[in-house]
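What follows is one structure encoded as structure tokens, with my remarks underneath.
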Amino acid sequence: AGRGARPGRPDPPGEPARRRRRPRIPLDTRAAVGHHASMFSLGRLALLPNGLRAKFIAAFACMSILPLLVCVYIILTFVFPFSESLWLTSTILLLTMLIAYCGFHLMDEIVNSIIALSRTARRLVPHAAAGLQAHPGGDEVTAIKQSLSTLAEDVERKTLKMRQLETTDEKIGIFTERHLRALLVEELKRAALYQRPCAFVVVRFKSRPGTDRILADAEHGTAAVRGLAGVVKRYTTKIEKVGRMGPAGVGIILPECNRQQAIQTAERIVEDAASFSWGPLSAMADWGPEIAVSVVSAPVDGVDPAILIKKCLTSLPA
């Protein structure tokens, strides 16, 4: 085997033992070439990405170079032999070249804008760069489309994650249902550890045709739940926890409260809600809300939070 062959493998027939290797251009030489190329107008074209550069050259050839060659052929064939003045012919030729250069310059500005946008889009979605580069036949416009699509998916995913991490419903001013359930788990653990009672109350609007139509509207439904939460907060302190429970309900965690005490609190909430001023909702003809409540307590009704919540929701009046 020759010196250039791989160990353990014979040279193919007819191939010389020493393979020729392409000489490497030093880094300083390549840098100097790139610097001098950038001084010319076509140097910028050479620096463009491959996909769009090929389309750009093809478009420039179709719109400028080919018509220019045709024009030169016509002038050489039909004008020079019969023309008494070369100045007029030269002027026409120069104007044609100037128009071609203007078209080239204009298209170069458009392409540079597209490439700048593509690079910005790739920087916004850095983890998608590998997928974009691996896409065969793609150019910068395709890269922009893919980058913006990926960016939109990232924003939607992060927004969903942020909503899952939120602890407070800003529109209502109480805890989110997810966080309220987590708080109930902690309170039940504490109650079991110290052998203390803990109650859970759900307050919500009864299902009625007029009430359901109003609650179905996002703005009116938010205002109604906000008002119900305001009624509930009148009977809670910093120890109790109030949060969303379903689309039209409010849940209350009552530590150090047995079942009888929780029932008394729930009854006062219902009485107060009957005389509560619901603001603009009170002026609506279909608005006549009825409040339903349900109470469970630990350890009487169990100590598992999921079972307690399910039992509380299923026992609510329709």
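The values are calculated or read from the model by the stated rules, or taken from the named source; none is laboratory data. Computed from a prediction, not measured in an experiment: that's the story for all the values here. No Cβ is skipped: glycine too gets one built from the backbone with ideal geometry, and neighbour counts run over all protein chains shown.
The table for this structure:
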item	result
Unmet requirement for GLU219, which otherwise passes all of (1) within 37 Å of the chain's Cα centre (by Cα); (2) in contact (Cβ under 8 Å) with a residue 12 or more places away in the chain	(2)
Elements of type helices (runs of 4 or more DSSP H) contained in region 171-239, each with 2 or more residues being touching a strand residue (DSSP E or B) at 6+ places or on another chain (Cβ under 6 Å)	177-194, 218-233
Qualifying residue in region 297-307 (condition: crowded, with 17+ Cβ neighbours inside 10 Å, of a type outside the set (Asp, Glu), modelled with pLDDT of 90 or more and under 41 Å from the mean Cα position of the chain (by Cα))	yes
Search result, residues across region 274-294 that are within 41 Å of the chain's Cα centre (by Cα), touching a residue at least 24 places away in the same chain (Cβ under 8 Å) and within 18 Å of ALA229 (Cβ to Cβ)	TRP278, GLY279, PRO280, LEU281, TRP287, PRO289, GLU290, ILE291, ALA292, VAL293, SER294
Residue match in region 296-308 (condition: touching a residue at least 12 places away in the same chain (Cβ under 8 Å) and in contact with an Asp or Glu (Cβ under 7 Å, 6 or more places away or on another chain))	yes
Matching option when the condition is closer than 30 Å to SER282 by Cβ, buried (at least 16 other Cβ atoms within 10 Å of the Cβ) and among the basic types (Lys, Arg), among ARG204, ARG213	ARG204
ALA134 vs. criteria crowded, with 19+ Cβ neighbours inside 10 Å, small (Gly, Ala, Ser) and at pLDDT below 95	no
Qualifying residue in region 205-221 (condition: touching a Ser or Thr at 6+ places or on another chain (Cβ under 6 Å) and either closer than 17 Å to GLY173 by Cα or of a type in the set (A, V, I, L, M, F, W, C) (or both))	yes
In region 246-281, the residues that are in a loop (DSSP other than H, G, I, E, B) and more than 14 Å from ALA199 (Cβ to Cβ)	GLY246, PRO247, ALA248, SER275, PHE276, SER277, TRP278
Only one of GLY230, GLY251, GLY246, GLY221 that is closer than 28 Å to ARG163 by Cβ, surrounded by 20 or more Cβ atoms within 10 Å (Cβ to Cβ) and not aliphatic (A, V, I, L, M)	GLY251
Qualifying residue in region 243-251 (condition: of a type in the set (A, V, I, L, M, F, W, C) and in contact (Cβ under 8 Å) with a residue 60 or more places away in the chain)	yes
LEU316 being under 41 Å from the mean Cα position of the chain (by Cα) and outside any loop (DSSP other than H, G, I, E, B)	no
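Quick grid of which residues meet (1) of a type in the set (Ser, Thr, Tyr); (2) over 16 Å from the mean Cα position of the chain (by Cα); (3) within 25 Å of ILE110 (Cα to Cα); (4) at pLDDT below 75:
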residue: PRO126; (1), (2), (3), (4): no, no, yes, yes
residue: GLN164; (1), (2), (3), (4): no, no, no, yes
residue: ALA192; (1), (2), (3), (4): no, yes, no, no
residue: PHE200; (1), (2), (3), (4): no, yes, no, no
